[in-house]
Amino acid sequence: MDKLIIEGGARLKGEVVVSGSKNSVLPIMAATLLTDQPCIIKGVPNLRDTNTMLKILRSLGKVAEFDKGTVSIISTKHANFIADYKLVSTMRASFCVLGPILAKLKKAKVSLPGGCVIGLRPVDLHLKGLVALGADISIDSGYVIAKANKLKGHHLYLGGGYGSSVLATDNIIMAATLAQGKTVIEAAACEPEVVDLAEFLIKMGAKIKGHGTPIVEIEGVKHLHGAEHAIIPDRIEAGTLMIASLITKGDVLIKNVLFQHLGAVIDKLQEAGAYIIKPDSAVHVRCKKKLQPINVTTLPYPGFPTDMQAQIMSLMTITRGISVITEKIYPDRFMHVAELNRMGAHIQREGPHAIVEGIKQLSGAPVMASDLRASASLVLAGLVARGQTLVSRIYHLERGYDNLDEKLRQLGAKIWREKE
Ligand code: EPZ
């Protein structure tokens, strides 16, 4: 396993290009299970999670190749309806193969994903949606077993206790594309990654309307054909790089950005004192003046994304004043707090709230990554801490960021890898 060493203090300057969106490419790769025809997906980031999804597709009978950012997927004669625990348990997003396998093969056996450090990660909404489409669902030995000779369109409500569910929306949209008749999903997730999935499905011949709004309508069709698609840029990587520029008082041009996907993030960073201009499909971020403390609450899109919560917390640890960060999607998503406090931060957790009292400077320390976005927050803190920060278990980071250390190094960060 590798670790990252970061010498704090460099102000980031220059240009960086954002990779394709992890949370868009994973469900889109799963959607290729809905057809026997070849699919080509471009702009794919090189991540542990995309490699895991390639392995899952191969285990389900696809030939899936990844070369220079392009994934090509073709079917073999050995379609398999079982998604194995060994692979699914390493990546929760794999659960979104359930809907497409069931719709295509009329049966599916997919391991329950289990929880992770950011929360229990239940799948009740996924199962509720599939039952509404007429699936027979049972749980046996840690697997979901789903059967449906013919899925039937239905008008269903998919909201849960924490609002809409991204992957449950993905699963039900994909299943509904091959169902008989019309499906209406109320309280559908509106994230840009759901929209990107729907656009890919429409290219495959699906009939979908309202994607990106809370009411999505799908008219089932008999079959879907292959398609070619380019993935949208990763808005969370873009937001992470924006904070890297701000936290180091740098001046960075971030390219390949759809800033319409970053409304809440840009709004909050401007409130904190960022100077952000938006040339064509880019954002130029620098610190206008002394940063100001802010209050942030994470919400389903278009609200402030939970996947940016840890990163903005790092920024607030060195912003004089009191900032309150409230996590409404995953109330336990605070594994980064203890590690940031080891670097001298003053963060107090009160239930779903983190109260951050900004200090003058963090001090470098050995810290441990626990999940994807917590890892990013520790790297951001290391960029500005006095002395050296050593981030271990960076395989968490590699799950969702394509060469982040290399991108930061190109901007002048003193960051390198060593074997653990
Ligand atoms: C997606 O996960 C993202 N992952 C997550 O990104 C992201 O944090 C999350 O959406 C919220 O935006 C991918 O897209 C691969 P949810 P997902 O279902 O779909 C509860 C990252 O860092 N819920 O939208 O699994 C759930 O517990 C990752 O890139 C139920 O109660 O999340 C949570 O509180 C982390 N029942 C809330 O809904 C269900 O059946 C939102 O979860 C499903 C979810």
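Throughout, read-outs are computed from the coordinates displayed, never taken from laboratory work. On a predicted model such as this, the values are computed, not experimentally measured, just so you know. Don't worry about glycine lacking a Cβ; one is built from the backbone with ideal geometry, like all the others, and counts go over all protein chains shown.
Dipole of the range 22-230 (Lys/Arg Cβ +1, Asp/Glu Cβ -1, origin at the Cα centre): which of Thr90, Thr169, Ser138 lies farthest to the positive side?
Sorting the options by dipole projection puts first Ser138.
Using a simple spin-label model with points 7 Å from Cα along the Cα→Cβ vector, what separation in nm is obtained for Trp416 and His225?
About 5.4 nm, to one decimal.
Per residue of the range 196-201, what does 6.51 cos²θ - 1.76 cosθ + 1.60 with θ = phi - 60° give for ³J(HN,Hα)? Whole Hz please, x for Gly and Pro, Karplus curve as stated.
Using θ = phi - 60°, the values come out as 5, 4, 4, 5, 5, 4 Hz.
Give the share of C-alpha pairs in each 20 angstrom bin for the chain, from 0 to the last occupied bin, in whole percents, shortest bins first.
Reading the bins upward from 0: 28, 55, 17, 0.
Please report the net charge: other residues with Cβ closer than 14 Å to the Cβ of His284, K and R +1, D and E -1.
Cβ neighbours under 14 Å give a net charge of +2.
Take the cross-link list Lys55/Lys147; Lys55/Lys278; Lys77/Lys107; Lys55/Lys203; Lys182/Lys328 and give me the ones stretching past 27 Å between alpha-carbons.
Result: Lys55/Lys278; Lys182/Lys328 exceed 27 Å.
Based on the Cβ-Cβ distance of Lys55 and Lys13, what FRET efficiency does E = 1/(1 + (r/R0)^6) give at R0 = 30 Å, to the nearest 0.05?
0.20
With θ set to phi - 60° and the Karplus curve 6.51 cos²θ - 1.76 cosθ + 1.60, what are the ³J(HN,Hα) couplings of the range 382-397 in order, to the nearest whole Hz, using x for Gly and Pro?
x, 4, 10, 6, 6, x, 9, 10, 10, 9, 9, 6, 6, 4, 4, 5
Please give the contour-minus-distance gain from Asp332 to Gln37: 0.36 nm per residue of separation, less the Cα-Cα distance, rounded to one decimal in nm.
Extra length from Asp332 to Gln37 when fully extended: 102.0 nm.
Going toward the positive end of the dipole of the chain, with +1 on Lys and Arg Cβ and -1 on Asp and Glu Cβ, which of Thr326, Gln388, Ala230 do you reach last?
Gln388
Only Lys, Arg, Asp and Glu count, each charged at its Cβ (+1, +1, -1, -1), so figure out the dipole size of the range 1-120 about its Cα centre, rounded to 20 debye.
The calculation lands at about 300 debye.
Please report, in debye to the nearest 20, how large the charge dipole of the range 163-238 is about its Cα centre when each Lys and Arg carries +1 at its beta carbon and each Asp and Glu carries -1 there.
About 400 debye.
Identify which of His154, His211, His78 has the largest mean-square fluctuation in a Gaussian network model of the chain, with springs joining Cα atoms closer than 10 Å.
Its mean-square fluctuation being the largest, the pick is His78.
Using only the Cα atoms of the range 343-418, what do you get for the radius of gyration and for Dmax, in Å?
Calculated on Cα positions, Rg and Dmax stand at 13.1, 39 Å.
Please list, or write none, the aspartates and glutamates whose alpha carbon is within less than 19 Å of the alpha carbon of Lys106, excluding same-chain residues fewer than 8 places away.
Candidates past the 8-residue exclusion: Asp36, Asp84, Asp136, Asp140, Asp170, Glu219.
Divide by every residue of the chain the summed helix terms, -39500 (n - 2.57) for each DSSP H run of at least 4, and state the resulting mean residue ellipticity at 222 nm, rounded to the nearest 500 deg cm²/dmol.
-9000 deg cm²/dmol
Please identify the trypsin sites (Lys or Arg not before Pro) of the range 334-368 that satisfy two criteria: DSSP loop assignment and at most 14 other Cβ atoms within 10 Å. Which are they?
Taking the range 334-368 and a limit of 14 other Cβ atoms within 10 Å, the loop trypsin sites (Lys or Arg not before Pro) found are Lys360.
Considering amide H positions built from the backbone, and no H for Pro or chain starts, which residues 5 or more places from Ile118, or on another chain, come under 5 Å of its amide H?
For Ile118, whose amide H was placed from the backbone, there are no distant partners under 5 Å.
Considering every pair of different Cα atoms, what Kirkwood radius, in Å, is found for the range 22-230?
Taking the inverse mean of 1/r over all distinct Cα pairs, the range 22-230 comes out at 16.5 Å.
How far apart, in nm, are two points set 7 Å out from the Cα along the Cα-to-Cβ line at Lys182 and at Asp140?
Using points 7 Å along Cα→Cβ, the separation is 3.7 nm.
Suppose each label sits 7 Å from its Cα in the direction of the beta carbon; what would the Asp267-Lys150 distance come out to in nanometres?
So the label points at Asp267 and Lys150 sit 4.6 nm apart.
Which value, in debye to the nearest 20, describes the size of the charge dipole of the chain about its Cα centre when Lys and Arg Cβ atoms bear +1, Asp and Glu Cβ atoms bear -1, and nothing else is charged?
Dipole about the Cα centre, nearest 20: 240 debye.
Please give the length that would be gained between Asn46 and His353 if that part of the chain were fully extended, namely 0.36 nm times their separation in residues minus their C-alpha to C-alpha distance (nm, one decimal).
Difference between extended and current length: 107.1 nm.
Among the trypsin sites (Lys or Arg not before Pro) in the range 37-124, which ones are in a DSSP loop with at most 16 other Cβ atoms within 10 Å of the Cβ? Mind listing them?
Lys68, Lys77, Lys106
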